[in-house]
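The values are calculated or read from the model by the stated rules, or taken from the named source; none is laboratory data. Computed from a prediction, not measured in an experiment: that's the story for all the values here. Neighbour counts run over all protein chains shown; Cβ positions are idealised from the backbone, glycine included. Only protein heavy atoms, including side chains, enter the accessible area calculation; ligands, DNA and RNA are left aside. Shrake-Rupley method; radii C 1.70, N 1.55, O 1.52, S 1.80 Å.
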Amino acid sequence: VWYAKNKELVKYRGLYVKASPNPAIWRFIELPDGTRRKLTSEERDGEINIPSEARLYTTVSQLAPSYSEASVYEFKFEGEAYRPPAGQCWLTTKEKMEELARKRRLQVDGELPRYILYYDDFPYSKLTNPWLDTAGASDKLYVVQTSEKPIMRCLLMTTDPGDLIFDPTCGSGTTAYVAEKWGRRWMTCDTSRVAINIARKRLLSGVFDHYKTLNGTVSSGFDCKKIDRISIKNLANDLEPQKVTFFDQPNVDKTAIRVTGPFEVMTLGRYSPEDWKGYLTESGKLENYITVICRLYRKDVSLQGASGLVHAIAESEKEKIALSVGPLTGRVTARQINDAVQDALALGVSEVHILGWAFEANVGEVKSQLEAREKVKIELIMIRPDTLAEGLKVTQPEMLFSPLALPDIEVKIKNGNGKEKEVVVTLKGVGVFDRKRRTTNYYPADKGYIAAWYLDEDYDGDCFVDCQMFFDFKKKPNLKAALKAEVDSDEFELQLQSQPFPAGIYKRIAVKVVDVYGNESTVVKNL
Ligand SMILES: C[S@@+](CC[C@H](N)C(=O)[O-])C[C@H]1O[C@@H](n2cnc3c(N)ncnc32)[C@H](O)[C@@H]1O
């Protein structure tokens with residue numbers, strides 16, 4: 001089924017699969033000396049081999065599906081005269097029938113001459129339904145990962161190189177990865193940061209064949225394999241065979257390989273607290289998501305008096321704290337922190353706890369600035385990733401919430417070879433939520449808890465740019481085969497020290513760490 005907003009713009013590039021000859025259809029053979037005969041029953045049943053140099057063929061009726069007086073004539077073939085049965089006519093003109101006879105493409109099979117169709121005229125069939133040769137993805141990176149083959153087929157059938165593809169449910173990024181591989185542009189999104197991180201790593205570590213293009217640009221199309229298709233029409237009209245393009249078989253430039261081109265990872269910059277979202281509690285009652293989180297954090301919260309981004313107030317004899325809850329499917333932004341602090345101050349509260357599932361890169365910096373400027377105390381609190389998933393069986397707040405743990409980095413500035421100063425960043429440790437003990441612990445960076453880390457050498461405070469990236473390839477990618485070169489196996493160990501780089505215009509770096517559970521945390525440092 002094809003859906004299209006505008007039918008006129010739909011593209012269809014047929015794909016072909018090798019057709020295996022079915023002896024029930026390809027009933028005859030032609031031997032190299034030109035003799036033709038039926039397959040023997042032993043040959044048909046596979047008991048004895050068909051001679052390897054023989055050409056398989058079948059015969060096709062030369063009677064037309066609809067009647068036309070003009071196509072009723074006597075046709076002389078091999079000394080006999082043939083006429084179509086009453087009420088029927090030939091498929092084509094006498095001259096064309098004679099042309100087919102001259103080309104040895106006719107044979108009497110039954111009562112009448114029929115067209116000889118060789119299996120090797122075009123031993124392929126158009127890929128239609130169903131696709132029984134596809135299976136689930138192997139070596140999965142993501143539990144619901146789609147296999148590449150069906151995505152590749154859909155993409156090749158409906159788009160050309162350079163076209164733009166959108167997959168709104170990215171997952172492990174199979175669509176983006178396949179699009180990248182086949183020279184299509186792509187956009188993708190997901191509500192899960194785990195999915196986005198897997199997709200990011202997959203794309204950044206992908207190595208692809210370099211396809212030859214038609215005129216040097218990807219959008220001109222790939223130089224694909226073309227196969228002659230011999231058809232009755234071409235033969236009868238004495239034309240060259242039709243050239244069929246195999247869009248899934250581009251010619252490969254063996255002297256080059258490709259990696260993923262530049263791409264951006266963006267988050268919804270503006271906060272949306274999603275206070276409209278309901279959550280079904282254990283008692284079966286539908287409660288407001290923000291209320292549920294606030295109550296889990298502090299039993300004594302009051303929702304009365306809350307306003308703006310202060311969602312609740314926890315008050316005891318000793319303290320008065322304003323609570324602000326981040327979005328369920330996004331990050332706590334600098335703006336949310338700022339607005340929550342302003343709203344708290346307006347309510348006369350000078351301690352603000354921001355509870356979030358994920359935090360934007362610069363929140364540590366924003367917290368320090370606001371604390372200094374507004375004379376407030378701010379706590380950034382991570383909500384445990386599976387808090388709502390567990391049906392809220394665990395209700396001690398210390399098991400559900402932990403202070404935001406930023407990656408521990410060391411920045412060294414030293415004199416480089418020339419006059420320019422060089423910066424080197426070392427990743428020392430990462431805070432990881434411990435599921436058993438239900439606490440956030442710092443682990444040294446070499447303890448196997450880091451899946452990847454990224455360095456923005458000149459962070460502009462808004463958009464994190466992956467200038468250097470480091471992966472822990474638990475499974476080593478087969479770069480050796482792709483690059484056709486020896487690859488130092490140390491390269492696959494997680495490097496904890498960056499390459500030296502000059503300080504940029506913002507004099508500020510950012511490090512984003514993704515832990516093995518897919519959670520990311522980012523720290524920003526001024527140089
Ligand atoms: C079946 S998976 C996609 C798998 C993907 N094709 C792959 O190869 O990995 C569906 C994805 O959609 C995401 N998702 C669910 N609801 C979504 C929404 N409303 N917007 C965007 N993504 C969503 C899920 O987080 C999940 O990663």
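Placing dummy labels 7 Å off each Cα toward the beta-carbon, the span from Ser219 to Ser192 is 3.5 nm. Based on the Cβ-Cβ distance from Glu319 to Asn129, what FRET efficiency comes out when R0 is 60 Å, to the nearest 0.05? So, using R0 = 60 Å, E works out to roughly 0.35. When you restrict to C-alpha pairs under 8 Å that are six or more residues apart and normalise by the size of the range 17-124, the relative contact order lands at 29 percent. The phi torsions of the range 39-55, fed into the Karplus equation with coefficients 6.51, -1.76 and 1.60 and a -60° offset, translate into couplings of 5, 6, 5, 5, 5, 4, 7, x, 6, 10, 6, 6, x, 5, 8, 6, 9 Hz, rounded to whole numbers, with Gly and Pro shown as x.
Can you tell me how the range 17-124 classifies by the Cα gyration tensor, rounded, prolate or oblate, using a/c under 1.5 as the rounded cut? Prolate is the answer for the range 17-124, as a/c is 1.5 or above and a/b outweighs b/c.
Report the FRET efficiency, 1/(1 + (r/R0)^6), for Ser138 and Lys243, where r is their Cβ-Cβ distance and R0 is 41 Å, rounded to 0.05. Taking R0 as 41 Å, the efficiency between Ser138 and Lys243 is 0.70. Note on the chain: the C-alpha convex hull projects to 38.8 nm² when averaged across all orientations. When the square roots of the Cα gyration tensor eigenvalues are ordered a ≥ b ≥ c, the ratio a/c for the range 118-218 is 1.5 or more and a/b does not exceed b/c, which makes its shape oblate.
The accessible surface of the chain, taken with every protein chain in place and a 1.4 Å probe, is 51 percent carbon and sulfur. Solvent exposure of the chain amounts to 55 Å² per residue of accessible area, where only protein heavy atoms count and the probe is 1.4 Å. Given a Förster radius of 51 Å and the C-beta distance between Val252 and Ser302 as r, what FRET efficiency does 1/(1 + (r/R0)^6) yield to the nearest 0.05? Computed FRET efficiency for Val252 and Ser302: 0.15. Maximal additional length on extending the Lys226-Glu351 stretch stands at 37.9 nm, based on 0.36 nm per residue less the C-alpha distance. Taking each of Lys140/Lys181; Lys126/Lys181; Lys318/Lys428; Lys96/Lys243; Lys226/Lys254; Lys140/Lys512 in turn, the alpha-carbon distance tops 29 angstrom for Lys318/Lys428. At full extension, Lys149 and Ala503 could sit 123.0 nm farther apart than now, given 0.36 nm per residue minus the alpha carbon distance.
Bridging of Lys412 to aspartates and glutamates at a Cα separation below 16 Å is possible for Glu420, Glu422, Asp456, Glu457, Asp458, once same-chain residues fewer than 8 apart are set aside. For the pair the range 129-144 and the range 1-64, the centres of their Cα atoms are 29 angstrom apart. Prolate is the label for the range 207-258. Its Cα gyration tensor axes, ordered a ≥ b ≥ c, give a/c of at least 1.5 and a/b above b/c.
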